[in-house]
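FYI, it's all coordinate maths here, none of it is from the lab. Just so it is clear, the structure is predicted and the values come from calculations on it, not from any experiment. Neighbour counts are summed over all protein chains in view; Cβ atoms, including those assigned to glycine, are modelled from backbone coordinates with ideal geometry.
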Amino acid sequence: MALALGVQLVLSRGRRSRRPADELEVRRRVQPALLAEHVALAVLLLSGFALLRLHGWGLGHARWIALKVGLVVFLVLPLETIHALVCHRWIARGLRQAAAGSFSRDLERGIGMDDMIRVIAIPLLGLGLPLILWLSIARPS
């Protein structure tokens, strides 16, 4: 979470300069951090699934598990999958195509999609993540 916020802060600083070359440089610099963020999420999700299997729990074990897994599968996973595709396909391809100081069409589309995903994700994850955390800590029956 801190990595994602840090990446967004660095990207907003690059945009504020109002110089395309600065934003291109910042976007190139944050690509490895975005890759690390998406790999870390995949490892986290796989470890959660492994823990469920290790303890022999299923979705019927407790209602809170079903709700938590449902929130992850239907909220977090789709948003992060789309974000990963945009970052590692469109934006990465656009950065390769971009000449020094100018944006390619793929990069403009990717940045637009990235902004759109962020606008959708902020309220949804702002409500969903605290609920997931509460379900992990309180374990209601």
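Points to keep in mind about this one:
- A simple count of charges around L129, restricted to other residues whose Cβ falls under 13 Å of its Cβ and scoring Lys, Arg +1 and Asp, Glu -1, yields 0.
- Across the options F74, L41, W90, the greatest Cα extent toward the positive end of the charge dipole of the range 2-138 (unit charges at beta carbon of Lys, Arg, Asp, Glu) belongs to W90.
- Contour minus Cα-Cα distance for R18 and L129 (0.36 nm per residue): 36.6 nm
- The chain - mean residue ellipticity at 222 nm from DSSP helices (-39,500 (n - 2.57) per run, n ≥ 4, rounded to 500): -26000 deg cm²/dmol
- Rounded tilt (10° steps) of 2-16 against the dominant C-alpha axis of the chain: 20 degrees
- Separation of alpha-carbon centers, the range 106-130 and the range 1-59, rounded to whole Å: 13 Å
- Given [x] -0.34; [y] -0.42; [z] -0.59, the label whose value is log10 I(q)/I(0) by the Debye sum over Cα atoms at q = 0.10 Å⁻¹ derived from this model: [y]
- Classification of the range 40-89 by its C-alpha gyration tensor yields an oblate form. The axis ratio a/c (a ≥ b ≥ c) is 1.5 or more, and b/c is at least a/b.
- Computed FRET value (nearest 0.05) for L77 with A33, which takes r as the C-beta separation and R₀ as 22 Å: 0.60
- Computed about the Cα centre, the dipole magnitude for the range 90-130 is approximately 120 debye when only Lys and Arg (+1) and Asp and Glu (-1) carry charge, each at its Cβ.
- Computed from Cα positions, the angle between helix 105-138 and the longest principal axis of the chain comes to roughly 20 degrees.
- Magnitude of the charge dipole, the range 21-125, Cβ model with Lys/Arg +1 and Asp/Glu -1, debye to 20: 340 debye
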